[in-house]
Amino acid sequence: MAAVLFFIGGIGTIAGAIGVVTLRDPFLTVLSLVVHLLFLAVLFLLLRAEFLAAAQVVVYAGAVMVLYIFVVAYVGEEVTLGSDTRAPLGASLRLASTVFGALLLIELFIALLGTGLRGIDTKGSPYIPGFGTPGFIGNLLLTRFLLAFEIASFLLLIAAVGAVVLARRRGGIAEEAEEELVLAQRRRPLGTGTTAEAVSTLAFAAAHQRHDHGTVEAQPPPPVDGPGDPVDEEPSPTGGGW
Amino acid sequence: MNIGWYLAVSAIIFTLGAVGVMTRRNPLVVLLCLEMMLNGGNLALIAFSRMLGNGDGQIFAIIVITVAACEVCIGLGMVVAIFRRSLPIDVDELTELQG
């Protein structure tokens, strides 16, 4: 039974990997990697890494692949599809890298077959009850590997902040609005000082945003209860905060 | 099955990932192939952990999964940034860092 499951898992894993390398469509590539990960989880289960199999399915096949799908959908299929078809000097380089990969595989198998490890030809050490369960993993993570655990959490924080900084929209809507607010505050000398006039400046800024630029700029700043009336409800939440 | 079979599968996955990293030109697919290489390493770690009856390999694999998630995060952020600047999404044409 274990042998059957191993061959199902192994063949599925390798087929998924071949699909990732050869398929042209990025969507199909990502789905192929999902298949690869699911079959790999079967192999993990056979090796009694239960928690890792679950984490693999939930974290990789769930979260990370959804992220990939979102980015593929955002970037657009025609962009990503078109880039792989044209080949300036691709053929010879592709052949060279395939030869390099074959050499790597041969080297790995030489290392595998010529190893002095006697445990490789066994089914592994006798099963300890509880091996690979969440309790076992958690116990190890919070005692012997506490430092690695903390560093990994910090690394995740850094990566999240880095991704936000990298993918931020520069010169977008938010910064334009901020700039306009600064321009509105520069008109402050028209009515300086009191709270009422500050509110009227806000009302003027709101009217400035709402109306056409040329007509509003020509007028003097509106008094507190003059043309500011239709926009009264807009500055009131910020005015209350002041 | 013997542990050696798992190691053979892990070697094949690693090699396929390496070939994918070298041949594909779409950075998204390059990232996916990097994930596959890390998965090959994970499978070997877990196989050795089973062979020795020791949980350390599984902890190592969890840390590798974490690092892979970080790498995906940064990589996809870079792909989105490349797309926003309307540069070509092709690792052969993004040669501005060339010396």
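The values are calculated or read from the model by the stated rules, or taken from the named source; none is laboratory data. Computed from a predicted model, the values in this text were never measured in an experiment. Cβ: placed from backbone, ideal geometry, glycine included. Neighbour counts: every protein chain shown.
Scanning the range A:62-80 for residues that are within 10 Å of chain B (Cβ to nearest Cβ) and assigned to a helix (DSSP H, G or I) gives A:Ala63, A:Val64, A:Met65, A:Leu67, A:Tyr68, A:Phe70, A:Val71, A:Val72, A:Tyr74, A:Val75, A:Val79, A:Thr80. Taking the conditions (1) out of contact with any helix residue (DSSP H, G or I) (no Cβ under 9 Å at 6 or more places or on another chain); (2) buried (at least 21 other Cβ atoms within 10 Å of the Cβ); (3) of a type outside the set (Ser, Thr, Tyr) in turn, B:Gly40 satisfies each one other than (1). Checking A:Ala15, A:Ala54 one by one, the residue that is modelled with pLDDT of 90 or more and under 20 Å from B:Ala8 (Cβ atoms) is A:Ala15 and no other. Considering only residues in the range B:20-30 that are surrounded by fewer than 24 Cβ atoms within 10 Å (Cβ to Cβ) and in a helix (DSSP H, G or I), the one that is nearest to the other protein chains (Cβ to nearest Cβ) turns out to be B:Met22. Residue count for the range A:24-61, restricted to those that are assigned to a helix (DSSP H, G or I), facing chain B (nearest Cβ under 7 Å) and touching a residue at least 60 places away in the same chain (Cβ under 8 Å): 1.
When A:Gly138, A:Gly162, A:Gly171 are checked against the criterion of being out of contact with any Phe, Trp or Tyr (no Cβ under 9 Å at 6 or more places or on another chain), modelled with pLDDT of 90 or more and within 11 Å of chain B (Cβ to nearest Cβ), a single residue qualifies: A:Gly162.
Of the residues B:Cys33, B:Cys73, only one is at the interface with chain A (Cβ under 7 Å from one of its Cβ atoms), crowded, with 17+ Cβ neighbours inside 10 Å, more than 20 Å from A:Val35 (Cβ to Cβ) and hydrophobic (A, V, I, L, M, F, W, C); which? Step through it out loud before you land on a result.
Values: B:Cys33 fails: more than 20 Å from A:Val35 (Cβ to Cβ).
Selected residue: B:Cys73, the only one of B:Cys33, B:Cys73 that is at the interface with chain A (Cβ under 7 Å from one of its Cβ atoms), crowded, with 17+ Cβ neighbours inside 10 Å, more than 20 Å from A:Val35 (Cβ to Cβ) and hydrophobic (A, V, I, L, M, F, W, C).
If the condition is being within 7 Å of chain A (Cβ to nearest Cβ) and either part of a loop (DSSP other than H, G, I, E, B) or buried (at least 21 other Cβ atoms within 10 Å of the Cβ) (or both), then the range B:76-89 contributes B:Leu76, B:Val79, B:Pro88, B:Ile89. State all residues of the range A:38-47 that are surrounded by 22 or more Cβ atoms within 10 Å (Cβ to Cβ) and either within 12 Å of B:Met36 (Cβ to Cβ) or in contact with a Ser or Thr (Cβ under 9 Å, 6 or more places away or on another chain) (or both); if no residue qualifies, say none. Residues satisfying the conditions are A:Leu40, A:Leu43, A:Leu47.
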